[in-house]
Amino acid sequence: MKNKIHDERIEKSKLEVKNEAIYMISFILLVSIIRNVFMLKLPISNYITEIFILGAIWVYVFIRNLWLGNLINVAETVNKKVILLCTIVSSITLTMTFAVNNFNLYSSKYSGVFDGLFWAAILVMFIQMFILSLLFYVAMGKIKK
């Protein structure tokens, strides 16, 4: 019986290619979902499969990494400033996405982009997204410890 010697560098490069493929598939699914929701305004029944596949990919990656113990040491390298910065960036990104959708759906109710009601809705969305993102990052820190 002949044992093949595997070079770790080759194995690592193969894993990197697979990792990049997962990110690329996820990005394509996310772009497709955003296009269906915001540009084509299709009902959710038309893109529910894409949402399910995207969620299944990331749930599997998370659970598999947790099972292998790959997420345990990450919390030691992340400090509070990074968590706050990630929370603010993700909150702004989510708020901008929902604000554009809100203005597209309810533009007839607003007198323009500078309408006070529109900015109040954006502020409420930002506060909600900030709290949700902060809870997410705090919960992730608790899981990793």
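Quick note: the coordinates plus some simple rules give every number you see, no bench work behind them. Since this is a predicted model, take the numbers as computed values, not measurements. Cβ atoms come from the backbone with ideal geometry, glycine included; neighbour counts cover every protein chain shown.
Do you know the relative contact order of the chain, to the nearest whole percent, from alpha carbon pairs under 8 angstrom that are 6+ apart? Please list the in-between numbers first.
Values: 57 pairs, mean separation 35.8, N = 145.
The value is 25 percent.
Compute the distance in nm between two label points, each set 7 Å from the Cα along the Cα-to-Cβ direction, one at Ile22 and one at Val138.
So the two model labels end up 2.9 nm from each other.
Cα axis of helix 48-68 to longest principal axis of the chain: angle in degrees, 0 to 90, nearest 10?
40
Pull out the extension gain between Leu123 and Ser32, defined as 0.36 nm times the separation in residues minus the alpha carbon to alpha carbon distance; nm, one decimal. Please list the in-between numbers first.
Details: separation 91, 0.36 × 91 = 32.76 nm, distance 2.75 nm.
Gain in length upon complete extension: 30.0 nm.
Please work out the FRET efficiency for the pair Leu42 and Arg9, using the Cβ-Cβ distance as r and a Förster radius of 41 Å; give the result to the nearest 0.05.
0.35
Once every DSSP H run of n ≥ 4 in the chain is given -39500 (n - 2.57) and the sum is divided by its residues, what mean residue ellipticity at 222 nm do you get, rounded to the nearest 500 deg cm²/dmol?
Calculated at 222 nm, the ellipticity per residue is -26000 deg cm²/dmol.
Please compute, for the alpha-carbon atoms of the chain, the extent along each of the three principal axes and give them in descending order in Å.
Computed over the Cα atoms, the extents are 77, 38, 22 Å.
Where does each of Thr87, Thr97 land when they are ranked from fewest to most other beta-carbon atoms within 10 angstrom?
Ordered by Cβ neighbours within 10 Å, fewest first: Thr97, Thr87.
How far apart, in nm, are two points set 7 Å out from the Cα along the Cα-to-Cβ line at Ser108 and at Arg64?
For Ser108 paired with Arg64, the spin-label model returns 4.8 nm.
Bin width 10 Å, origin at 0, all Cα-Cα pairs of the stretch 1-70: what percent of pairs per bin?
Percent of pairs per bin, in order: 17, 33, 25, 16, 6, 2, 0.
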